Structures are given as structure tokens and as C-alpha cells.
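See below for the structure under consideration.
Read-outs: derived from the displayed coordinates by stated rules, not from any lab. These numbers come from a predicted model, not from an experiment. Methodologically, a virtual Cβ is constructed for each residue, glycine included, from the backbone with ideal geometry; neighbour enumeration extends over all protein chains shown.
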Amino acid sequence: MNNPKWIRGTVGGRTVVDSRAVRLVWENPYFPAWYFPIDDIDAEFHETDKVIESPTRGVAQCYDLVVGSVRLTDAAWRFTNSDHDELRDLVRIEWSSFDAWFEEEEEVFVHPRSPEARIDALPSSREVRVTLDGVELAHSNRPTLLFETGLPVRYYLPKSDVRLELLTPNTTESACPYKGWARYWNVLVNGTSHPDLAWSYKTTLPESRPIAGLVCFYNEHVDIEVDGVHQQRPTTPFTDDKFA
């Protein structure tokens, strides 16, 4: 899939990738990878002993990228013998090898954003009640509802409507390319501590600004009533593994 956005990647303040001909390749169901024409990469390629095997794309040869005096180990790979003709002349760059990535003039964090994903954070006057094992954790009629493609509605609540005495901050962090960086709380209910059950974004990326400073609980692991109607606990990738 063609990506209409201008993409740049930097290392040590130097622009190494500068491309207006990026291809989006879905290596997993959640977000794409960027593949670049080799002429859009300003670095020396040094073949390594590493190969990457993909059941759908074939076998890729890995390369170190040399940028000035910096060597980026196994930072690039190419599927030169792929059954997919469009991949043969393109280079896949390991996201974490670079210092920063940009779409147009906006920095992008964590991983490439999907053109199929959308975030809507909407203030609401719905009545939201959150409980766990019969204990009320929060009760609010001023939530902000976050609608994110592929996930259940998340209910972000003002801290003054949350029983903060039941929440203990921990050191867990997560990052999202659409929302920003979250910090987590353990929740203590009836003597049992539930780790990483609630989270908050102190600051957010622009599209998610309305949820900054609010608290959210995993729908998958608590009971939520909205306007008096109990919401079914959803089954998502976070049912077993948390971090949203």
C-alpha cells in the first residue's frame, strides 16, 4: 500500500531516511511497517550474517547501516528474492535503530501509525460507575469517552470522581503512537492488589488531548455500568496482557 506522507528518519541529528515513496506493509494486524526505496536512504549498507524468515514475504538479508562514525547493527533488511515483486527493491528499517521519525513535520513515536486507525476523545454527561468484586472504584457523570479503532470504548474519569485511596502508583509505563505515555496504578480491593489495572496520561499527543490527566480502568478486568446498564467485559488483546 502506498503511503502519501513524507517520511524522514534521523540519527544523531542527521536525516538518513528522506522519502516520499514509502510503502506500508502489514507485518502484524495492528499497524504497518515502512518500506523505503534504497535511494531514499543516506547510509552505507554492510551485509551481516543475520537473515529474517517470513512465511509471507520470504527470506530477508540483514544489513548494518553506517552513518558517519555510527554503525547501526542489523538496522535494515531486504527481501530481494521475495515472491512479492514490489518488495524486492525496498528496504525495511528497524524503527528503534533511529533517534526520531517524522510524518511531514510531526514527530511520530513508538511505531508507524496506521491509516486505518482513528482516535476520538469526546466529553460526555453519561453516568459511569466502575466496580470490582462489589467495591466501587469510581462514579462520574462527566467522563471523556475514547473511541479507538479496534478497541472497546474507554471511559476516562476525573480524578476527583475516582477513589484514589484504592490506587497505588507503580513504575509501569506504556507508550502509544496516538495517545502518548501512560503511567499505571495497582488497585487494592478486599485485601487483593490488582496490578496495572488503572492508568493515566499526564500529557498526551495532540489528537488525544481531552484525556490528559484523567483515569481509566481496563473494561476487560472491572465491571462498568453506563447510565445504569451493565457493560459486558470485552475480549481484546488486553484480556490477558494489559497496557492500553
Virtual spin-label span in nm between Thr56 and Asp99, 7 Å along Cα→Cβ: 3.4
Cα Rg over Rh - the stretch 144-192, Kirkwood: 1.01
Over the stretch 157-243: Kirkwood hydrodynamic radius from C-alpha pairwise inverse distances, Å: 13.8
At 1.002 mPa s and 20 °C, Stokes diffusion of the stretch 202-244 via Kirkwood alpha-carbon radius, µm² per second: 175
Cα extents of the stretch 76-202 along the three principal axes, largest first (Å): 59, 31, 29
Net length gained if the chain between Thr15 and Asp240 were fully extended (0.36 nm per residue, minus Cα distance): 77.0 nm
Whole-Hz ³J(HN,Hα) from phi, Karplus 6.51 cos²θ - 1.76 cosθ + 1.60, for the stretch 222-237, glycine and proline x: 10, 9, 10, 10, 10, 6, x, 9, 5, 9, 4, 5, x, 9, 9, x
Assigned charges on the beta-carbon of Lys, Arg, Asp, Glu; the chain dipole about Cα centre (debye): 680
Gyration tensor verdict on the stretch 55-110 (Cα atoms; rounded if a/c is under 1.5, prolate if a/b is larger than b/c, oblate otherwise): oblate
Trypsin sites (Lys or Arg not before Pro) within the stretch 1-110: DSSP coil, no more than 13 neighbouring Cβ in 10 Å: Arg20, Arg88
In nm, spacing of pseudo-spin labels at Ser125 and Lys159 (7 Å Cα→C-beta vector): 2.7
At 1.306 mPa s and 10 °C, Stokes diffusion of the stretch 64-145 via Kirkwood alpha-carbon radius, µm² per second: 89
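Take the alpha-carbon positions of the stretch 1-137, form their convex hull, and give its projected area averaged over all directions (one quarter of the hull surface) in nm². If you can, show how the numbers build up before the last one.
On the way: hull surface 51.0 nm².
If I average the Cα hull's projected area over directions, I get 12.8 nm².
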GluC sites (Glu not before Pro) lying in DSSP loop within the stretch 104-211, provided at most 10 other Cβ fall within 10 Å: Glu104, Glu105
